[in-house]
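Accompanying notes for the structure given below.
Read-outs: derived from the displayed coordinates by stated rules, not from any lab. Keep in mind it's a predicted model, so treat the numbers as computed, not measured. As a convention, Cβ positions derive from the backbone with ideal geometry for all residues, glycine included, and neighbour counts pool all protein chains shown.
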Amino acid sequence: MHNAAFKNLGLDGFYEARDISPESLAQAVKDLRRETVLGANVSVPHKLAVMPLLDELSEEAKAVGAVNTVVKRHGALLGHNTDAKGYARALEQAAFDLQGKRAVLLGAGGAARAVAYALLRGGSSLQIYNRTPQKAHALATDFARYGEVNVLTDAFKSAIKNCHLLVNTTSVGMEVAGHDPDLSPLPDGLLPAHALVSDIVYKPAKTRLLRDAEAKGLSTQNGLPMLVYQGAESFKLWTGQAPDADVMFRAAQQVLEN
Ligand code: ATR
């Protein structure tokens, strides 16, 4: 999708994927300092480990507690996080206004932190449910300064039924080795009464959760818009130019469909 954006804007640049082991992360960052690059994306499992290797962190990267984008400017490496803005733009695309809404967040891992930040900054309240409750409590404590955030325990069912937005950030339903793509993070039969059901998973395009929600007539959104918009925000930081997100979306979709 980045190469499609470069081409579309007529910019002489390219984006390449590098497979970096945890042991070689420090060297990979040193290489960025030496090479002629605009910056980099940082993906799982390096989003936290990269932070102390950089020269400066943006407010969002500090707040989310993770870096997904590195920008090289005047020789310095700056760490940003565009996942939160990417998710906020995905909700805008779905015409969902967060102000005053009740959101339920499933999961409390790295991706959940970016989503939680976007939701609270957008003005919704947040109820978090995670398999390991300690992690949900840690997230709630870290984000309490941004708005109303609670951990769900006993009131799980009624919170799901009555929310305006349900977001899955767990890896349940993902099509990767070791995961069953036919599982939902919700117990059978439990869904919101009226809500946007959002899954940050984009492979498969329709997780079991989204299929169940659609069958009940609820509106749904998968993880592709978030992926594309976080990429578009990174691209803008690197080049100073806003790419056409539709061009990036089509490029990403084409690869995923093949
Ligand atoms: P990411 O950075 O992509 O968010 P992560 O930090 O490993 O990845 O987080 C994965 C999330 O999926 C966690 O909330 C995890 O729950 P735990 O904190 O209990 O591990 C959740 N998760 C993964 N597999 C799960 C499963 N089978 N059932 C429920 N939750 C699961």
Q | Number of positions in segment 141-183 that are within 23 Å of Phe96 (Cα to Cα), within 20 Å of the chain's Cα centre (by Cα), within 15 Å of the ligand (Cβ to nearest atom) and not in a strand (DSSP E or B) | A | 3
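Output the residues belonging to segment 163-183 that are touching a helix residue (DSSP H, G or I) at 6+ places or on another chain (Cβ under 7 Å) and surrounded by fewer than 20 Cβ atoms within 10 Å (Cβ to Cβ). Quick ask: steps written out before the conclusion?
From segment 163-183, those touching a helix residue (DSSP H, G or I) at 6+ places or on another chain (Cβ under 7 Å) are 166-169, 173, 182-183; that's our starting set.
Scanning segment 163-183 gives Asp182, Leu183.
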Q.
Among the residues of segment 146-162, are any on the phi > 0 side of the Ramachandran plot, among the hydrophobic types (A, V, I, L, M, F, W, C) and surrounded by fewer than 23 Cβ atoms within 10 Å (Cβ to Cβ)?
A. no
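Give segment 230-243 a look and list any residue that's part of a loop (DSSP other than H, G, I, E, B) and within 16 Å of the ligand (Cβ to nearest atom), or say none.
Step one: filter segment 230-243 for residues part of a loop (DSSP other than H, G, I, E, B), giving 240-243.
Answer for segment 230-243, where residues must be part of a loop (DSSP other than H, G, I, E, B) and within 16 Å of the ligand (Cβ to nearest atom): there is none.
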Q | Single residue of segment 118-135 satisfying the filter (more than 16 Å from the ligand (Cβ to nearest atom) and under 12 Å from Cys163 (Cα atoms)) that is surrounded by the fewest Cβ atoms within 10 Å (Cβ to Cβ) | A | Ser125
Q.
Taking the condition of being more than 11 Å from the ligand (Cβ to nearest atom), within 23 Å of Gly86 (Cα to Cα) and buried (at least 21 other Cβ atoms within 10 Å of the Cβ), how many residues in segment 184-212 meet it?
A. 8
Q) Among the residues of segment 105-117, which ones are in a helix (DSSP H, G or I), surrounded by 22 or more Cβ atoms within 10 Å (Cβ to Cβ) and near the ligand (Cβ under 10 Å from one of its atoms)? A) Ala111, Ala112, Arg113, Ala114, Val115
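Give the number of residues within segment 184-221 that are touching a residue at least 12 places away in the same chain (Cβ under 8 Å) and not in a loop (DSSP other than H, G, I, E, B). Step through it out loud before you land on a result.
Residues of segment 184-221 touching a residue at least 12 places away in the same chain (Cβ under 8 Å): 184-186, 190-210, 212-213, 216, 218-221.
Now narrow it down to the ones that are not in a loop (DSSP other than H, G, I, E, B): 196-199, 208-210, 212-213, 219-221.
Number satisfying all stated conditions: 12.
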**Q.** Leu227 vs. criteria closer than 20 Å to Asn81 by Cβ and within 13 Å of the ligand (Cβ to nearest atom)
**A.** yes
